[in-house]
Amino acid sequence: MTTYLLAGGGTAGHVNPLLAVADALTAREPDATVLVLGTREGLEARLVPLRGYELLFVDKVPFPRRPDAAAVRFPGRFARAVRQVRTHILERGVDVVVGFGGYASAPAYVAAGRARVPVVVHEANAKPGLANVLGARRAAASGVAFEGTPLKGAEVVGMPLRPEIVHLDRAALRSEAAEAFGLDAARPVLLVFGGSLGAVRLNRAFADSWQDVVAAGWQILHAVGERNDVADPDDPSYRVVPYIDRMDLAFALADAIVSRSGAATVSEISALGIPAVYVPYAVGNGEQALNAASAVQGGAAVLIPDGELTGDRVRSTVVPLLKDAAALDRMRAAAESVGTRSGSANVLGLIDRALAR
């Protein structure tokens, strides 16, 4: 019986692919032991136990960004975190460590090396995090979600996706989805969303232009976020909701999408073959634009910089695209070569190779 230790967390971008792989391992090997390593502060502290997996803790030790008191304390704190993970590995008889980035991964990679346990690295973003850059240097196998991600020795395996996306039959669910959101299943739907808190730029642009989209023959399902200043015009063709609990139903109904371009969002949309217009979040290191790059280059998506998205830009770029059925068909076909629903299975392949070495 194999014991797997999956390390990662902090944000949904690390936790969700980790849980997708955990589920795939459990489905394939019901007798296997699947453990998760995380911090007490990260999202994993809540989501992992809810999914039924045992969570082992390691101290959160951020890499220092400047020469200050935290940098002076870092070596000792990091060494302690490594010892914590090494103890977990030895006491639980771990056979392989699989890291997904985040604060838990860096000490896990070092501890696994010292315990002579193979390491597998998966990077979800097109711009890899520091922990995975370091871990990939000595990993037995590494995988990335996006073509062109600069991670040593990595191969493109796609994003491990949640089962409801992997097995989604969009055509079969369309009528149910339309009824759930109060829209007409016979008319095309544009899905607009910017994450759980919404996106002010998207909200304002569509508040100004939604009538033009509707005039083009489309309906809109717009998740504006739970805290927003968008006025609902109470039009049957423009459904404004604060949050979408059933993204599987929203994806089943969507004939095109305008959204931010987080790694999971791009991966799910591409896997489902839905034409997209991405508006990368401008804050950070530009990773959202990089996440969208392969879909844009492959012809499956269009990119509009955040600062350029206005009602006028929706009218000049998005509305003409929605009117061009041939262009949308080409984008759907292109998505088949960009996206994949087999990310979890591909990561399991990396793990098997690492164990066989």
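The values are calculated or read from the model by the stated rules, or taken from the named source; none is laboratory data. Only a predicted model underlies this, so the values are computations on that prediction, with no experimental measurement involved. Quick reminder, even Gly has a Cβ in these numbers, built from the backbone with ideal geometry, and neighbours come from all protein chains shown. Heavy atoms of the whole protein, side chains included, go into the accessibility calculation; ligands, DNA and RNA do not. Shrake-Rupley method; radii C 1.70, N 1.55, O 1.52, S 1.80 Å.
Please give the peptides 43-52, 139-148 ranked by average Cβ packing (other Cβ atoms within 10 Å per residue), highest first, as a rough proxy for protection. Don't skip to the end; give the middle numbers.
Working: 43-52: 16.3, 139-148: 22.3.
Order by mean packing, descending: 139-148, 43-52.
Quick one: angle between helix 343-356 and the longest Cα principal axis of the chain, in degrees between 0 and 90, rounded to 10, please.
20 degrees
How big is the dipole moment of the chain about its Cα centre under a simple scheme where the beta carbon of each Lys and Arg is +1, that of each Asp and Glu is -1, and everything else is neutral? Debye, nearest 20, please.
1780 debye
Within the stretch 8-25, find all residues whose amide N lies under 17 Å from a label point positioned 7 Å from the Cα of Phe57 along Cα-to-beta-carbon.
Flagged as within label range: 8-10.
Expressed as a whole number of Å, what is the distance separating the alpha-carbon centroids of the stretch 261-335 and the stretch 127-150?
Centre-to-centre distance over Cα atoms comes out at 25 Å.
For the stretch 209-247, list residues with backbone N below 18 Å from a point placed 7 Å from the Cα of Asp184 toward its Cβ?
Residues passing the 18 Å test: 210-222, 234-240.
Rounded to the nearest 0.05, what FRET efficiency do Glu336 and Asp68 have when you use their Cβ-Cβ distance and R0 = 45 Å?
Working: r = 49 Å, r/R0 = 1.09.
So, using R0 = 45 Å, E works out to roughly 0.35.
Return one whole number: the accessible area per residue of the stretch 53-108 in Å², for a 1.4 Å probe.
Result: 52 Å² per residue.
Need the full-extension length gain, Asp169 to Ala326, defined as separation in residues times 0.36 nm minus the C-alpha distance. One decimal, nm.
Residue separation times 0.36 nm, minus the Cα-Cα distance, leaves 54.2 nm.
Of Pro64, Gly93, Ala45, which is farthest on the positive side of the dipole of the stretch 45-115, counting Cα position, with +1 on Lys and Arg Cβ, -1 on Asp and Glu Cβ, and the Cα centre as origin?
Result: Pro64.
Taking the Cα centre of the stretch 304-357 as the origin and placing charges on Cβ (Lys, Arg +1; Asp, Glu -1), which of Ile304, Ser342, Met331 is farthest toward the positive end of the dipole?
Result: Ser342.
Which one of Leu221, Ala199, Gln211 has its Cα pushed farthest toward the positive end of the charge dipole of the stretch 192-240, where Lys and Arg give +1 and Asp and Glu give -1 at the Cβ?
Positive-most Cα among the choices belongs to Ala199.
Counting only other residues whose beta carbon sits under 13 Å from that of Leu56, what net charge do I get with K and R as +1, D and E as -1?
Details: positive: Arg40, Arg86, Arg92; negative: Glu44, Glu54, Asp59, Glu91.
Its environment carries a net charge of -1.
What order, most packed first, do the peptides 226-234, 291-299 have when packing is the mean number of other Cβ atoms within 10 Å of each residue?
291-299, 226-234
Tell me, in nm to one decimal, what length is gained between Asp234 and Leu355 on full extension, where the rule is 0.36 nm per residue of separation less the Cα-Cα distance?
Result: 37.8 nm gained on full extension.
If Lys and Arg each add +1 and Asp and Glu each add -1, what is the summed charge of the other residues whose beta carbon sits under 15 Å from the beta carbon of Ala180? Spell out each step's value before the answer.
Numbers: positive: Arg170, Arg174, Arg239, Arg246; negative: Glu164, Glu176, Glu179, Asp184, Asp245, Asp248.
Neighbour charge sum, excluding Ala180 itself: -2.
Quick one: which residues, 5+ away or cross-chain, put their amide H under 5 Å from the amide H of Leu37? H built at 1.01 Å from N.
Leu6, Ala7, Gly8, Leu56
Please report, in debye to the nearest 20, how large the charge dipole of the stretch 96-202 is about its Cα centre when each Lys and Arg carries +1 at its beta carbon and each Asp and Glu carries -1 there.
Computed about the Cα centre, the dipole is about 620 debye.
So what's the angle, to the nearest 10 degrees on a 0 to 90 scale, between helix 287-297 and the longest Cα principal axis of the chain?
60 degrees
Per the helix-only calculation at 222 nm, which mean residue ellipticity applies to the chain, given -39500 (n - 2.57) for every DSSP H run of n ≥ 4 and division by its residues, nearest 500 deg cm²/dmol?
After summing the helix terms and dividing by the residues of the chain, the value is -13500 deg cm²/dmol.
Share of the stretch 32-172's accessible area from carbon and sulfur, percent, 1.4 Å?
Carbon with sulfur: 51 percent of the solvent-accessible area.
Could I have the simple spin-label model distance between Leu130 and Arg114, label points 7 Å from Cα toward Cβ, reported in nm to one decimal?
Taking the two extended label points, one gets 2.0 nm.
Just how large is the dipole of the stretch 261-357 about the Cα centre, in debye to the nearest 20, putting +1 at every Lys and Arg Cβ and -1 at every Asp and Glu Cβ? Spell out each step's value before the answer.
Values: 8 positive and 9 negative charges, 45 e Å.
Here the stretch 261-357 has a charge dipole of around 220 debye.
With a 1.4 Å probe and all protein chains left in place, how much accessible area per residue does the stretch 179-237 have, in Å²?
About 48 Å² of surface per residue is accessible.
Helix 69-92: angle to the longest alpha-carbon principal axis of the chain, degrees 0 to 90, nearest 10?
Approximately 80 degrees, to the nearest ten.
In whole percent, and with a 1.4 Å probe on the protein chains, what portion of the accessible area of the stretch 233-357 is carbon and sulfur?
On the stretch 233-357, the fraction of accessible area on carbon and sulfur atoms equals 50 percent.
List the residues of the stretch 9-51 whose backbone N lies under 17 Å from a point placed 7 Å from the Cα of Met1 along the Cα-to-Cβ direction.
Only 25-36 fall inside the zone, counting backbone N under 17 Å.
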